[in-house]
Amino acid sequence: MARESMEFDVVIVGAGPAGLSTACRLMQQAQEAEKELTVCVVEKGSEVGAHILSGAVIESRALDELFPDWKEQGAPLNTPVTEDQIFMLKDEQKATQVPNMLVPKTMHNNGNYIVSLGNLCRWLAEQAEQLGVEIFPGFAAAEVLYHEDGSVKGVATGDMGLTESGEQKDSYMPGMELHAKYTVFSEGCRGHLGKELIERFDLAADADAQHYGLGIKELWDIDPDKHKPGLVVHGSGWPLSDGASGGFFLYHTEGNQVVVGLIIDLNYSNPYLSPFDEFQRMKHHPVLKQYLEGGKRVSYGARAITKGGFNALPKMTFPGGIIAGCNAGTLNFSKIKGTHTAMKSGMLAAEAIFDELTQSGEGSKELSGYAQKFESSWLYDELFRSRNFGPAMHKFGPLLGGAFNYIDQNIFGGKIPFTLHDTHADYAQLKPTSECKEISYPKPDGEISFDKLSSVFLSNTNHEEDQPCHLQLKDESIPLGSNLSTYAEPAQRYCPAGVYEVVEDEQGQRFQINSQNCLHCKTCDIKDPAQNIKWVVPEGMGGPNYPNM
């Protein structure tokens, strides 16, 4: 069955903050210039926001530019930050609160807002549709399409109605080709099409190795007497050890709810480490437990974070398209924030695309004006000033790295006259089990800590079971071969959803992939030491359905 095709001026992949800001800014310019423009956004989630997961404390800087009247328009930024607290956890009971005067100023949140990023994206989608953007949720962009000259032609959505073996069901529907003069890839961290484009056009040739973290998050209803709207709590230290680094967050949002989470840098070396279990035992620390005790967990999710920053940014443009937002790595890790930077990168992309379409009326060329727009923007300045933050933490650890960052940010304003680099890929940092200590995790108590399967249930994750597996092994012998013998098959532990198991039955050992559990976090695509797992999109609408995350 032949694919049908549709033509647009611009196709945008992913209805996150970068993609939706691109769409809105394109249509705003078209209205100002009284020009017609056709813009389409495809989103693999069942609805806009279904796959969005973030802390999130956001700066409104980009939103102020995009919609200066956002308050009057009802944007869901309802909880201004009222207080910052930062702790260093010493052990399972003790902690030291860090005085604000000793905290790098990039981590001060005065003037920021605690939000559900999913709800903000839903609001942005409403604004985009009012401006004339077509948004297609439930359609996964599965393939990049190219012209004969190698420039990007658009994308094709995935086929629907295939069995696990690839045969057509009665419900089979072929994917649709979406052709565009320019295509924007704003898939979020480790987008599988963005990854392909970075390799195909060698966009990371002049960049440091990209770095990632895994963010795990829960939403809780808590006792109203313990609720402090606007309180932002951050910290690091226990229980992470053996060189593992990361930090926790707990934010008091509206409606007697808090969000609590842990971000673990994916450059850890001990293959026995389980990010999920580190998070579960961390919640028992009194700094966090005091708010959670007596409450009820209502949602769970996980997502990888692109955190390499300025030094790891690839070239973002190529003939016929651009990579934007966290797909490129625009998160400012010194602020632990990526929403305002993703939005700004999308807005700059929109301006470069509109300029090109206005001047030539044609597409498929390189967006030559983007680099200048980016380099003269506050986004470039902000990312440049934070370029040393991540490398310092990786090289010197949380204490000495924190001291370096205090000097760099508070005294030099991020312009200390040298640049630190971390050129080691995260997946390559795993050590063999023979060099590491096995980690024993406490059993969950069902009140503060929980198991993986009950957690995945709260993410509302669902996939059609009889479909091709979207977690592809390049070499099926590796999991039970070198990965098991050398690293005790770490996929069993780094996945926060219980997707990967080594099981034994009467036939012996086998590597089982429970793809229906997948949260689309992308950790397996990043951390597998053999780079053997390739994450691709499942059928549209599959995955988590986050309500308020």
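The values are calculated or read from the model by the stated rules, or taken from the named source; none is laboratory data. Here the structure is a predicted model, which means the values were calculated and not measured. Neighbour counts run over all protein chains shown; Cβ positions are idealised from the backbone, glycine included. The protein model used for the area step is the full one, side chains on, heavy atoms only, and it has no ligands, DNA or RNA in it. Shrake-Rupley method; radii C 1.70, N 1.55, O 1.52, S 1.80 Å.
Restricted to segment 258-281, and to residues there that are over 30 Å from H424 (Cβ atoms) and touching a residue at least 40 places away in the same chain (Cβ under 8 Å), the residue that is surrounded by the most Cβ atoms within 10 Å (Cβ to Cβ) is V260.
Considering only residues that are small (G, A, S) and without any contact (Cβ under 8 Å) to a residue 12 or more places away in the chain, look in segment 369-412 and name the one that is least open to solvent (accessible area, probe 1.4 Å).
Selected residue: G401.
Answer with yes or no whether E148 is part of a strand (DSSP E or B), open to solvent by 10 Å² or more (accessible area, probe 1.4 Å) and at pLDDT 95 or above. It is false that E148 is part of a strand (DSSP E or B), open to solvent by 10 Å² or more (accessible area, probe 1.4 Å) and at pLDDT 95 or above. Selection of segment 453-489 for residues being under 14 Å from P544 (Cα atoms), open to solvent by less than 70 Å² (accessible area, probe 1.4 Å), out of contact with any Lys or Arg (no Cβ under 9 Å at 6 or more places or on another chain) and of a type outside the set (G, A, S) yields V456, T461, H463. Picking from residues in segment 413-431 that are of a type outside the set (A, V, I, L, M, F, W, C) and open to solvent by less than 40 Å² (accessible area, probe 1.4 Å), the one that is farthest from S386 (Cα to Cα) is D426. Under the condition of being in contact with a strand residue (DSSP E or B) (Cβ under 7 Å, 6 or more places away or on another chain) and not in a loop (DSSP other than H, G, I, E, B), the residues counted in segment 216-249 number 17. Count of segment 108-143 residues, restricted to those that are of a type in the set (S, T, N, Q) and either at positive phi or not in a helix (DSSP H, G or I) (or both), is 4. Taken over segment 378-419, the criterion of being closer than 30 Å to D525 by Cα, among the hydrophobic types (A, V, I, L, M, F, W, C) and at pLDDT 95 or above is satisfied by L379, L383, F384.
A single entry from L219, L214, L240, L231 fulfils the requirement of being surrounded by 20 or more Cβ atoms within 10 Å (Cβ to Cβ), farther than 30 Å from I322 by Cα, aliphatic (A, V, I, L, M) and at pLDDT 95 or above: L219.
Each residue in segment 355-368 was checked for being open to solvent by 60 Å² or more (accessible area, probe 1.4 Å) and assigned to a loop (DSSP other than H, G, I, E, B), and 4 of them qualify. So, of the residues in segment 1-56 that are crowded, with 24+ Cβ neighbours inside 10 Å and among the polar types (S, T, N, Q), which turns out to be nearest to N548 (Cα to Cα)? Ranking the qualifying residues of segment 1-56, first place goes to S54.
Can you confirm whether E72 is more than 12 Å from V232 (Cβ to Cβ) and in contact (Cβ under 8 Å) with a residue 12 or more places away in the chain?
No, not satisfied.
Residue-level check: of (1) surrounded by fewer than 21 Cβ atoms within 10 Å (Cβ to Cβ); (2) closer than 30 Å to A352 by Cα; (3) not charged (D, E, K, R), T163 misses just (2). Restricting segment 169-188 to residues that are open to solvent by less than 40 Å² (accessible area, probe 1.4 Å), outside any loop (DSSP other than H, G, I, E, B) and closer than 25 Å to A50 by Cα, which is modelled with the lowest pLDDT? This residue is Y172. Kindly indicate whether any position in segment 307-314 is buried (at least 24 other Cβ atoms within 10 Å of the Cβ), closer than 17 Å to I58 by Cα and basic (K, R). Among the residues of segment 307-314, at least one is buried (at least 24 other Cβ atoms within 10 Å of the Cβ), closer than 17 Å to I58 by Cα and basic (K, R), which makes the answer yes.
State whether the residues of segment 318-334 include one that is over 28 Å from V499 (Cβ atoms), open to solvent by 10 Å² or more (accessible area, probe 1.4 Å), part of a loop (DSSP other than H, G, I, E, B) and in contact with a helix residue (DSSP H, G or I) (Cβ under 7 Å, 6 or more places away or on another chain). No, segment 318-334 contains no residue that is over 28 Å from V499 (Cβ atoms), open to solvent by 10 Å² or more (accessible area, probe 1.4 Å), part of a loop (DSSP other than H, G, I, E, B) and in contact with a helix residue (DSSP H, G or I) (Cβ under 7 Å, 6 or more places away or on another chain).
Test A125 against the criterion of being of a type outside the set (S, T, Y), surrounded by fewer than 19 Cβ atoms within 10 Å (Cβ to Cβ) and touching a helix residue (DSSP H, G or I) at 6+ places or on another chain (Cβ under 9 Å), and give yes or no.
no
Checking K195, K105, K94 one by one, the residue that is at pLDDT 95 or above and open to solvent by 60 Å² or more (accessible area, probe 1.4 Å) is K94 and no other.
When V115, V57, V48 are checked against the criterion of being among the β-branched types (V, I, T), modelled with pLDDT of 95 or more and within 27 Å of A156 (Cα to Cα), a single residue qualifies: V48.
Filter segment 38-91 for residues that are part of a strand (DSSP E or B) and of a type in the set (S, T, N, Q); which is nearest to the chain's Cα centre (by Cα)? Once the filter is applied, the top-ranked residue is T79. Residue count for segment 446-484, restricted to those that are modelled with pLDDT of 95 or more, part of a loop (DSSP other than H, G, I, E, B) and more than 17 Å from K44 (Cα to Cα): 11.
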